[in-house]
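For reference, the structure is listed below as structure tokens.
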Amino acid sequence: MLPLAGLLIRAPWTTLPERLTEPGILAALRLSLLTATLATIVCLILGVPLAWLLARTTFPGRRFVRALVTVPLVLPPVVGGVALLLVFGRRGLVGEWLDTTFGFTLPFTTTGVVVAEAFVAMPFLVISVEGALRGADSRYEEAAATLGASRWTAFRRVTLPLIAPGVAAGAVLCWARALGEFGATITFAGNFPGRTQTMPLAVYLALEQDLDAAIVLSLVLLVVSVVILATLRDKWVGVT
Amino acid sequence: MSLDAHLVVKRDGFTLDATLTAGPGEVVALLGPNGAGKSTALRALAGLIGLDDGHITLDGRRIERDAPEHRHIGVVFQDYLLFPHLSALDNVAFGPRCRGVSKTESRVQATDLLTRVGLSDHVRKKPRELSGGQAQRVALARALATDPKLLLLDEPLAALDARTRLDTRAHLRGHLGAHNGPTVLVTHDPLDAMMLADRLVILEDGRVVQTGDAATITSQPRTDYVARLVGLNLYRGHASEGTVRVAGDFTLTVADAFTGDAFVAFPPSAVALYNVRPEGSPRNTWPATVTAVSRQGDALRIELTGPIQVAADVTSAAAVQLGLEPGREVWASLKATEATAYPA
């Protein structure tokens, strides 16, 4: 709590209104919210099936895959960014192919920001959803199968509604982590205002020039995240 | 529509190896103690576990390699497994929806089925708002909604209290009678089995030990488990000319005369106890020692040891008069006409 209080005490309250209307802030905020949301969607699309595979099936190397999923948690985000560059960079393993085949490059683009954030935030979603799946009674899926439901139908119509709170909690965590992402983003996507400069990057940049601006940016990020997280928590997770 | 199955499932030291058949409209009860493999057999039929060997032929088609969703088998699970996030109506409509029936049509069918099981007032309720008996009916309606070729019920009444159980049993019997295909019912309660099923299949240690209708099973048990279930004393021995040698030199005189390996069964009430060796007609008399006394309905159940272990039922008055208590030595007698012998 102390750092938060410090932020509030040191805030340049007198010049706050004019600082808030600076175009840079709004652009960074919009970019942050957009990329964090897109990253969460990417994590949901890739992470929920992955969590299902980990929780409900056995395949060779499953333990290894599970360990791999948690790697971004322990890896310094900057290292993650470097790894992403090595893979998706213009001379990277996949990046070179993407570039020559589709003329499409990821690094230093808004899409790159989404990829970096999704990479770092994915474990939060997968771990939450896998936990929810393990807690859910798999016999409901068996009951659905005897009623003629394919595995996909059973998952969509029975399992997913049962684990919805877990998925929502995972998505919220994932979104929050993506919103605060710094290291991988700046390494992989750079720091271009309006294109890849998210709020944490803007804060870092401002810190070197104008402490007050950095405090204002931090305050905005803080208020926005608290409001959104509080709303989501009440609405989806059902925890007050 | 009929079922012909040979189920072989091997699981950590346990082997289920059971043959099971059921004709159209026939209700077969799989009865057995806990751990006998009843639920394993049911799950194998439903396709929830694979067979290690054997076959399942339903309606003339081999289905043992089919996935559960392609077997057209309706299952009522022990704790019903109604989908908690769906209303009773949508639970019942789930099956038809999965088989490609439109949303509207499947709801019409579901409403119709719920009305038939007497739950027309509860269609909108979520499973947690239903009583045990109501949930059981929804589960039955849900299983019947797909018009299954085979209906499986796993301990359908086990989760209910005594009063609800009675009503639900009568209700269930009506619906099983209306189902055209074969029904396999798993239970550990002999009363449920006898009330609901046309034929009983007794499973012990993964094997079928006896099969037959309720009357045969209750009068001619073939294992100690079945004998205990139906409350008879049971011995195995060798019969010749109206006597059966059941233990060492000990023989019982019986009403049925044949030669060969035989079972002898008689109810505890057929055993009379005396302080001194009785004179006269009963030819089966032997000295015995009381090992335990317990209440059994109106009578007292006396467990005795001697040449054979035997249970006897006597009135409370007789027990007092004889001073029956563990350790007491008495004479036991059995009328030959009350002991049934049948080939083993």
How crowded by other chains is B:92-99, given as the mean number of beta carbons from other chains within 10 Å of each beta carbon? 4
Using θ = phi - 60° and the Karplus relation 6.51 cos²θ - 1.76 cosθ + 1.60, list the HN-Hα couplings for region B:336-343 in order, rounded to whole Hz, with x at every Gly or Pro. 4, 5, 8, 9, 9, 10, 8, x
Which value results when the Cα radius of gyration for region A:25-237 is divided by 2.2 N^0.38 Å? 1.13
Partner shielding of A:161-167, as the mean number of partner chain Cβ atoms within 10 Å, equals 1
Counting only C-alpha contacts under 8 Å and six or more residues apart, can you give the relative contact order of chain B as a whole percent? 17
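What shape does region B:231-343 have by the C-alpha gyration tensor, where a ≥ b ≥ c are the square roots of the eigenvalues, rounded means a/c under 1.5, and otherwise prolate means a/b greater than b/c and oblate the rest?
prolate
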In what sequence do B:VAL76, A:VAL48, B:VAL208 fall when counting other Cβ within 10 Å, fewest first? B:VAL208, A:VAL48, B:VAL76
Summing -39500 (n - 2.57) over every DSSP H run of at least 4 in chain B, dividing by its residue total and rounding to the nearest 500, the 222 nm mean residue ellipticity is -8000 deg cm²/dmol
Eligible aspartates and glutamates near B:LYS10 by straight Cα distance, threshold 14 Å, same-chain separation 8 or greater: B:ASP52, B:ASP53, B:ASP205
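Which ordering of B:ASP192, B:ASP249 is given by a fewest-first count of other beta-carbon atoms within 10 Å?
B:ASP249, B:ASP192
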Which cross-chain or sequence-distant (5 or more) residues have an amide H under 5 Å from the amide H of B:VAL208, H modelled 1.01 Å from N in plane? B:THR19
Looking only at Cα atoms, what is the convex hull volume of chain B per residue, in Å³? 165
By the DSSP-based rule, helices of chain A that are at least 18 Å long along the axis (C-alpha) and have a mean Kyte score of at least -0.5 are A:23-56, A:62-74, A:110-135, A:160-179, A:211-232
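Over the Cα atoms of the protein assembly as shown, compute the convex hull volume and normalise it per residue, giving Å³. All intermediate terms of the calculation are to be shown ahead of the outcome.
Details: hull volume 143.9 nm³, N = 584.
Spelled out: Cα convex hull of the protein assembly as shown, divided by residues, is 246 Å³.
Could you compute how fast region B:95-175 diffuses translationally, taking Rh as the Kirkwood radius over C-alpha pairs and applying Stokes-Einstein at 25 °C with viscosity 0.890 mPa s? Give it in µm² per second. All intermediate terms of the calculation are to be shown ahead of the outcome.
Working: Rh = 13.4 Å.
Diffusion coefficient, whole number: 183 µm²/s.
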Can you give the average number of partner chain beta-carbon atoms within 10 Å of each beta-carbon in peptide B:143-152, as a whole number? 1
Counting each DSSP H run of 4 or more residues in chain A as -39500 (n - 2.57), what helix-only mean residue ellipticity at 222 nm follows after dividing by all residues, to the nearest 500 deg cm²/dmol? -24000 deg cm²/dmol
Could you give the longest part of chain B that holds none of the GluC sites (Glu not before Pro) found in DSSP loops with at most 15 neighbouring Cβ atoms within 10 Å? B:1-240
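Quick note: the coordinates plus some simple rules give every number you see, no bench work behind them. Here the structure is a predicted model, which means the values were calculated and not measured. Note that each Cβ is placed from the backbone with ideal geometry, even for glycine, and that neighbours are counted across all protein chains shown.
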